[in-house]
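Structure, as structure tokens:
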Amino acid sequence: MIELSAFAALYIFMLAAFTGYEVIARVPAILHTPLMSGSNFVHGIVLVGAMVALGQADSVLTQCIGFAGVVLAAGNAVGGYVVTERMLEMFRSSKEPGS
Amino acid sequence: MSAAAAGNLAIQVSYYVAAFLFIMGLKRMSSPVTAASGIRWAGLGMLVATLITFAYPGMGNYLLMTTAIFIGGVLAWWTGKRVPMTDMPQMIALYNGMGGGAAATISAIELLKGGGHSEVFVALAVLGGLIGSVSFSGSLIAFGKLQGLIRRSIRFRGQNIVNLLILLAAAGIGASLIAGNGGQQSIVAMFLLALLLGLTMTLPIGGADMPVVISLYNALTGLAVGFEGFVLNNAAMIIAGTVVGSAGSLLTQLMAKAMNRSLANVLFSGFGETAVAGGEARGSLKPIEAADAAIMMAFAQKVIIVPGYGMAVAQAQHKVWELTQLLTERGVQVKFAIHPVAGRMPGHMNVLLAEAGVPYDLIYDLDEINAEFETADVALVIGANDVVNPVARSDPSSPIYGMPILNADKAKNCIVIKRGQGAGFSGIENELFYLDNTRMLYGDGQAMVNELIQTIKEL
């Protein structure tokens, strides 16, 4: 793996924090729920970390914890996606046909 | 290039692409026109990142891993597809808690493995573990409250001090871990304390404050994921987690601001306790029959509908849309006014109205519509209470003084559909109900709107 230096990681942290702020800053209130739900899905990326942690677990205890972690993370990612998509599917304008 | 190096490159490129897709996806979700495609972009990013992780070097336990993904994924898919829109807040809280819990397990594994890591590594693992655990147990309590499993808000004297002591104890153990002391027992104790803190922090918070709480735990989970990203040296996790952490913090601030309260006040005040019933409301409550209310609306030029949590409880959103269509056919202009904290999560009312088929261009935010109430013939309040209480403007001694409200009282007539005569969540009498131009329509939201519809149809 490419090792991130501590400072490179800090720069990523800072820039990502500003990105998150800017992306959300001008969102209309009607999208607050889908957006919260969408960002809830995005932190489902914890699945990747949970998989790596389980993959490298070498004792029964850590394997058990890792297993629980992957179950939880998969639930976060999949559940977050399903409910966000369902909500966003419903938003339509009165000008669109088929509404 | 060796095969291993090529594999590493493929993993890094995939994570890079995933991070890009997440940010683009969230950006697209910030406009109703592109929102639906936004979640698919982000979903694609997640798929890419997950699949490539199977090729991560130095891993085993693939059978366990696939089984776990299958169990978690299928359960979440099944529940996510079936949950009714009115139950969305608790499902989001639940999925969010799962993410926090997952971040905590990563931290637990890395700490238990031990092996002479730097202080920074341990510190980040501890921090992510603490935050993730609080988010996990706190979100589960929020889920339990919204689902109606936990009906009471449990408060006792000195609660904040107890919470503070738990936090200090957990942080103290964390600090000793960072310093290189402590073994398995300390690690377990730290996580148990953090889980307990999530419980004791969330139990006293009432239902109407849930928009702030859900949003806060979402941000905390993001942050925990970001910290664990540092621990695992995974840039995709750092970026996705931090973006969510900062976006969620902003959203939390917006929610707290919409109630004119600080985040600290929401978390630590135990609202119902401090609220002393304000002065006796003047005047009397004037009931109205559904038929009369229907005629009033049918011959109006402009009607503004103000929905609140009561509409969600009564599942009245479909009937409300039917009523809107009927009125529109008669040439009445109908608009919806949504308060930022109406309901149990940010944007709750918007989702329910969208479910019923209400186009989003009929729906207006507080700032957009407040000036229009003066030109409205009827303001129809369905299951909303504190967000239309004029004491927030007029009475500095009221606990909700200063909270921006919808000016339903300024409409020429105001019809309030309400289940019975009681105060709102905050326990404060609503002066709106006693005004000369207000009429109370007592009954279940859905049944009453249905009666309105029947009367208008017969006109």
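The values are calculated or read from the model by the stated rules, or taken from the named source; none is laboratory data. What you are looking at is a predicted structure, and each value in this text was computed from that prediction instead of being measured. A quick note on method: Cβ atoms are made from the backbone with ideal geometry, for glycine too, and the neighbour counts reach across all protein chains shown. When the accessible area is computed, the model is the full protein with side chains, heavy atoms only, and any ligands, DNA or RNA have been set aside. Shrake-Rupley method; radii C 1.70, N 1.55, O 1.52, S 1.80 Å.
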Inset, instruction - From B:79, B:66, grab the single residue that is over 17 Å from residue A:70 (Cα atoms), among the hydroxyl-bearing types (Ser, Thr, Tyr) and modelled with pLDDT of 95 or more. - result: B:79
Inset, instruction - Among the residues of segment A:1-19, count how many are assigned to a helix (DSSP H, G or I) and within 17 Å of residue B:125 (Cα to Cα). - result: 4
Legend entry - Filter result (aliphatic (A, V, I, L, M) and over 27 Å from residue B:126 (Cα atoms)) within segment B:70-113: B:71, B:74, B:75, B:76, B:83, B:85, B:88, B:91
Legend entry - Any chance residue A:15 is over 22 Å from residue B:91 (Cα atoms), more than 13 Å from the chain's Cα centre (by Cα) and either of a type outside the set (Phe, Trp, Tyr) or at the interface with chain B (Cβ under 7 Å from one of its Cβ atoms) (or both): yes
Legend entry - Selected residue (only one of B:383, B:347 is crowded, with 18+ Cβ neighbours inside 10 Å, among the small types (Gly, Ala, Ser) and within 14 Å of another protein chain (Cβ to nearest Cβ)): B:347
Inset, instruction - Report yes if some residue within segment B:306-321 is open to solvent by 60 Å² or more (accessible area, probe 1.4 Å) and part of a loop (DSSP other than H, G, I, E, B); otherwise report no. - result: yes
Inset, instruction - Report yes if some residue within segment B:107-118 is of a type in the set (Gly, Ala, Ser) and touching a Lys or Arg at 6+ places or on another chain (Cβ under 7 Å); otherwise report no. - result: no
Inset, instruction - Would you point out the residue of segment B:39-60, among those that are at the interface with chain A (Cβ under 10 Å from one of its Cβ atoms), open to solvent by 40 Å² or more (accessible area, probe 1.4 Å) and in a loop (DSSP other than H, G, I, E, B), that is nearest to residue A:76 (Cα to Cα)? - result: B:54
Inset, instruction - Filter segment B:89-113 down to residues that are of a type in the set (Gly, Ala, Ser) and either over 16 Å from the mean Cα position of the chain (by Cα) or within 8 Å of another protein chain (Cβ to nearest Cβ) (or both) and give me whichever is nearest to residue B:347 (Cα to Cα). - result: B:99
Legend entry - Residue tally, condition among the polar types (S, T, N, Q) and over 15 Å from residue B:245 (Cα atoms), over segment A:9-58: 2
Legend entry - Matching option when the condition is free of Cβ contacts under 8 Å to residues at least 40 places away in the same chain and over 30 Å from the mean Cα position of the chain (by Cα), among B:47, B:51: B:51
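Yes/no matrix, rows are residues, columns are (1) farther than 19 Å from residue B:208 by Cα; (2) charged (D, E, K, R); (3) open to solvent by 10 Å² or more (accessible area, probe 1.4 Å); (4) touching a Gly at 6+ places or on another chain (Cβ under 6 Å):
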residue	(1), (2), (3), (4)
B:78	yes, no, yes, no
B:87	no, yes, yes, no
B:100	yes, no, no, yes
B:107	yes, no, no, yes
B:119	yes, yes, yes, no
B:136	yes, no, yes, yes
Inset, instruction - Determine whether residue B:239 is facing chain A (nearest Cβ under 9 Å) and either touching a residue at least 60 places away in the same chain (Cβ under 8 Å) or on the phi > 0 side of the Ramachandran plot (or both). - result: yes
Legend entry - Residue satisfying condition, being more than 7 Å from chain A (Cβ to nearest Cβ), in a helix (DSSP H, G or I) and not basic (Lys, Arg), within set B:36, B:19: B:19
Legend entry - Residue count, segment B:20-38 (criterion: open to solvent by 10 Å² or more (accessible area, probe 1.4 Å) and in contact with a helix residue (DSSP H, G or I) (Cβ under 9 Å, 6 or more places away or on another chain)): 12
Inset, instruction - For segment B:67-88, state whether one or more residues are over 28 Å from the mean Cα position of the chain (by Cα) and assigned to a helix (DSSP H, G or I). - result: yes
Legend entry - Top-ranked residue in segment B:325-340 [being in a loop (DSSP other than H, G, I, E, B) and more than 10 Å from chain A (Cβ to nearest Cβ); ranked as most open to solvent (accessible area, probe 1.4 Å)]: B:330
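The rows are residues; the columns are (1) open to solvent by 30 Å² or more (accessible area, probe 1.4 Å); (2) not in a helix (DSSP H, G or I).
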{"position": "B:157", "(1), (2)": "yes, yes"}
{"position": "B:160", "(1), (2)": "yes, no"}
{"position": "B:180", "(1), (2)": "yes, yes"}
{"position": "B:193", "(1), (2)": "yes, no"}
{"position": "B:215", "(1), (2)": "no, no"}
